[in-house]
Amino acid sequence: MTDSPFDVIKNQYTIDELNDIVEHGCASGCASNHIYYTDTVSFYDQHEAAICEYVRDVTDPSYLTETFSNNEGNLTGYKNDIVWTFIELYAMELIDNINNEELEEEEEVVNNYGVDINDILSSSWGKSHIQIVNG
């Protein structure tokens, strides 16, 4: 059984490469494993259903037909564009998830002391040592 297209992207690109894909797009060449038509067409042919379903779910349902029309019936160009769209959209999702996990970890560190600030503020020490200033 072959890996899903999602697993392929996660395994073939580092976080830095995914960031480059998000910032510059696949057309810039930063999706190094999916530059040439032979790469993108093969990837599309192996994972067509999952790729199209994901692109359709994340974008407008008419995106696939519009992309085919924009390629004026050139099947190779269509497959290339859809694969690049898939990679770019999935890279955005992965980077967003990584950034959200980092934020959650930072929040855990901040809240890791198990102390409620309201308890401190209402204590006699808090009342005599902490002043809340509204800006």
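The values are calculated or read from the model by the stated rules, or taken from the named source; none is laboratory data. What you see is a predicted model; the values in this text were computed from it and never measured. Here the Cβ is made from the backbone with ideal geometry for all residues, glycine too, and neighbour counts use every protein chain on show.
Annotations
- Condition met for G73 (on the phi > 0 side of the Ramachandran plot, modelled with pLDDT of 85 or more, surrounded by fewer than 17 Cβ atoms within 10 Å (Cβ to Cβ) and of a type in the set (G, A, S)): yes
- The set of residues in the range 40-58 being of a type in the set (D, E, K, R), without any contact (Cβ under 8 Å) to a residue 12 or more places away in the chain and closer than 13 Å to P5 by Cβ consists of E48, E53.
- Of all residues making up the range 18-40, the number that are acidic (D, E) and either touching a Gly at 6+ places or on another chain (Cβ under 9 Å) or surrounded by 16 or more Cβ atoms within 10 Å (Cβ to Cβ) (or both): 1
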